[in-house]
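The next block holds one structure in the form of C-alpha cells; read it before the comments.
The values are calculated or read from the model by the stated rules, or taken from the named source; none is laboratory data. Predicted, not measured: the structure shown is a model, and the values here were computed from it. As a convention, Cβ positions derive from the backbone with ideal geometry for all residues, glycine included, and neighbour counts pool all protein chains shown. These area figures cover heavy atoms from the full protein model, side chains too; ligands, DNA and RNA do not enter into them. Shrake-Rupley method; radii C 1.70, N 1.55, O 1.52, S 1.80 Å.
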Amino acid sequence: MGTYKCCIFFTRRFALGDTSTPEDVRALFSLYAGGSPYMLADDLRRYLAAWGGADGEVPEQIIDRILQDRSRTPRFGRPALTVDDFLHFLFSEDLNPPLRYSKVHQDMNAPLSHYFIYTGHNSYLTGNQLSSDCSDVPIIKALQLGVRVIELDIWPNSCKDDIDVLHGRTLTAPVSLIKCLRSIKEYAFVASPYPVIITLEDHLTPDLQERVAKMVLEVFGDILYYPESKHLQEFPSPEALKGRVMLSTKPPKEYLEAKGDTMKEKEIEARIKRGEREAAAWGVEVPDIQDEMQVADKDEDELLYRERGADGDDGKETKHVAAEYKHLITIKAGKPKGPLVDAIKNDPDKVRRLSLSEQELAKVAAHHGPNIVSFTHRNMLRIYPKGTRFNSSNYNPFLGWVHGAQMVAFNMQGYGRALWLMHGFYKANGGCGYVKKPDFLMQTCPDGKVFDSKADLPVKATLKVKVYMGEGWQKDFKQTHFDSYSPPDFYVKVGIAGVPLDSVMRKTKAVEDSWVPVWEEEFAFPLTVPEIAVLRVEVHEQDVNEDDFGGQTALPVAELRPGIRAVPLFDHKGLKFKSVKVLMSFEFA
C-alpha cells in the first residue's frame, strides 16, 4: 500500500495490488505442466529443452532457487512451481536471460580488419572536451566495460622534459602518460582477454617520442606486440593477439612546433553551452544516417576544432626520427590529404588505419559508400566525433558500422541514446569487445559490387516483440521519485536501430498509477539487415510537463533468445538497476 499527499489536508492511498500474470505465461505453464497446477522438475526440463535458458543449472536446482527466493517450501515435499513461481522464474535474468550467448562464440581467427572493435575517444577525459579534468579513472572504467581501444593525446609537459595526456589547446588539466599506461596494463584484460589497442594522438618532439618508446617497453614488457616487418600485409587475428597490447598512431615524420592559441575560459563556456542541447536525462534522439549524409554533403568542412596534424602524414621531414618509437607502431595511421575519395583507396602491398571525423565519413559516404566498404575489407577505419561536440556527445554509430568501419570511436562519458547503442551492440559475442563483421561486409560479388546500405534491400526476417509487464521500480526508486501525488504512469518505447530501412521506434500505452505495469502489447519489425541491428527498449513515466526516465537497454538482435525473457534495464549512464526488469518475448518469422 502506498500513501501520497493530495493538496494540503488529504492523502491518497494506492494498493500495489496482485499482479495479473500474462495470459501467454499461463498458457505456457499449462502446456508444460500438463494442465496441472504444479510444474515438476521433469516438466521444467521439457520447457528448458524447448526454449533454453538457465545455462548450466539443472531443473531441480532452479526450482529450489525459486522457492527460496519466494520464501516458500515444497508442497508435500515435492519440489514444484506454481504459475506465480513460474512467472518469478521468467523474471530472473540470470536464469532466463534475453541473449543466447554469455561467452565468446564467434570465430576469432580472422584478421583484425574483420571485426568491429569497441573503441573509445579521448579516453582520459572525465567530462566535456574543453575544461574537464584528465584522469586514468575513465580509462579504467572503459576497460572494465570491455572497451578495447583507448585513445591518449600526448603532449610535452610544461618543462618539455616529460609527457602529459590532455586535450591540447584547451583548459583540461593533464594527467601523466606513465600513470595512464600503468592503469591500462593493470585493467587491460579484466573484462576481455582480447587485445587492447592504444591509439596515440602524438604532439611530441622526437626526443620525447623516444621517451614514450622506453616507457611503453618498460610498462608492458612482453605483452607489447609489434611486428618485425616494416609494413603489415594483413593484420593479425584477435586470437593470435590474446593478452597483448598494441600501439596505433602515425609513423613519426614531423613535429608541429606551432601550438596555436589556447581557448580562453569565456570562449570555452560559450562553446559548451552551445553544445548542450540534450534537454532530458536520456538525451536527444539518435540522428538518422541518411539525414547525416545529406547535411554533410551540403555543408563545407566546418571543422571548427579539428585535431590538426593528429594523424596526418603531411608535414616536414626532420633529420631526427625516433626509430624505436616508429618500430613499436603496429597499426600505422594516417589522415586524408587531398580528396577524401583518394584516401580510401587500397594499397595491395600494405594495410593501414585511416581516421575520419563523423562529418568526413558522412560526406564521402554520400557518394562513395561502396568504396569505403571495399577499403575496410583489409584496412582499419577509425571514425571519431566531430570537433564541435564540446559537451562530449556522440553520433549515430551505424554511420560507421554499415560501411565496415572497425573503430567507431565514442566519448564514453557522453551519456545518452547514442552511447546506449554502443553498449548494446558490444553485448554481442560474450561482451569481449570484438564483434565479427557479417560476411556481406567482407565480400565482393562477381560483378565487383559490395554491400550498399542505401540500396533497396529485401526483408530477411521479421522480429516480433511483445512487451508484457515490468517490475522493480518500487525497490530502486523512492515512492515520490516520479510523482508526488500518485504511483507512476509507465510506458515503453521499443524499436530498432540499424540501417535506415530498419530503424524505427514504437510506443505502448501508458499504464496509470502502477508500480508493476502490465502492457501486453506486440510489435513487428521487418528487418533487412538483422545481422547488425540493435533492439532498443526505453521506459518512461508519462508526465504533464516532461516525461521522466525509467530505464533503458539495447540488445543485439542477432543474439536475442526467442521466447519469453527477463530484460534488465540500465540507468542513463549505462549502470544496471538492481531490480528493474521488463518481461518481453521475442520471435523471428
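Pairs meeting the criteria (first residue in the range 565-589 and within 14 Å of ARG536 (Cβ to Cβ), second residue open to solvent by 30 Å² or more (accessible area, probe 1.4 Å) and in a strand (DSSP E or B), beta carbons under 7 Å, at least 6 apart or on different chains) are VAL567/LYS581; LEU569/PHE577; LEU569/LYS581; PHE570/LYS576; PHE570/PHE577; MET584/LYS466. Look through the range 370-401, keep the residues that are in contact (Cβ under 8 Å) with a residue 60 or more places away in the chain and in a helix (DSSP H, G or I), and return whichever of them is surrounded by the fewest Cβ atoms within 10 Å (Cβ to Cβ). The selected residue is PRO370. Against the condition β-branched (Val, Ile, Thr) and either within 27 Å of TYR101 (Cα to Cα) or in a helix (DSSP H, G or I) (or both), how does VAL351 come out, does it pass? So VAL351 fails the test. If you take the residues of the range 177-213 that are touching a strand residue (DSSP E or B) at 6+ places or on another chain (Cβ under 9 Å) and among the charged types (D, E, K, R), which of them is nearest to LEU145 (Cα to Cα)? Among those that are touching a strand residue (DSSP E or B) at 6+ places or on another chain (Cβ under 9 Å) and among the charged types (D, E, K, R), it is LYS185.
Selection within the range 217-233: residues that are at pLDDT 95 or above and in a loop (DSSP other than H, G, I, E, B). The member of this set that is least open to solvent (accessible area, probe 1.4 Å) is TYR225. The single condition from (1) touching a Ser or Thr at 6+ places or on another chain (Cβ under 9 Å); (2) in the same structural domain as LEU247 (by the TED database); (3) at pLDDT below 85; (4) of a type in the set (A, V, I, L, M, F, W, C) that ILE329 fails is (3). Would you check if ILE197 is in a strand (DSSP E or B) and in the same structural domain as LYS141 (by the TED database)? In short, yes. If you go through the range 122-155 and keep only what is part of a loop (DSSP other than H, G, I, E, B), open to solvent by less than 10 Å² (accessible area, probe 1.4 Å) and under 19 Å from THR249 (Cβ atoms), you end up with ASN122, TYR124, VAL147, ARG148. Check the range 448-470 and report whether any residue there is within 30 Å of GLU521 (Cα to Cα), touching a Cys at 6+ places or on another chain (Cβ under 9 Å) and among the small types (Gly, Ala, Ser). The answer is no, given that none of the residues of the range 448-470 is within 30 Å of GLU521 (Cα to Cα), touching a Cys at 6+ places or on another chain (Cβ under 9 Å) and among the small types (Gly, Ala, Ser). For the range 90-117, how many residues are over 27 Å from TYR47 (Cα atoms) and either hydroxyl-bearing (Ser, Thr, Tyr) or free of Cβ contacts under 8 Å to residues at least 12 places away in the same chain (or both)? So the count comes out to 2.
Just to be sure, is PHE525 among the aromatic types (Phe, Trp, Tyr) and either in contact with a Cys (Cβ under 8 Å, 6 or more places away or on another chain) or closer than 30 Å to GLN294 by Cβ (or both)?
Working: among the aromatic types (Phe, Trp, Tyr): yes; either in contact with a Cys (Cβ under 8 Å, 6 or more places away or on another chain) or closer than 30 Å to GLN294 by Cβ (or both): yes.
Taking the combined requirement at face value, the residue satisfies it.
Of the residues LEU48, LEU152, LEU143, LEU130, which single one is assigned by the TED database to the domain that holds PRO397 and out of contact with any Leu (no Cβ under 9 Å at 6 or more places or on another chain)? I'd like the intermediate steps shown before the answer.
Numbers: LEU48 fails: assigned by the TED database to the domain that holds PRO397; LEU152 fails: out of contact with any Leu (no Cβ under 9 Å at 6 or more places or on another chain); LEU130 fails: out of contact with any Leu (no Cβ under 9 Å at 6 or more places or on another chain).
Unique residue meeting the criteria: LEU143.
Summed over the range 433-455, the residues that are of a type in the set (A, V, I, L, M) and without any contact (Cβ under 8 Å) to a residue 40 or more places away in the chain give a count of 1.
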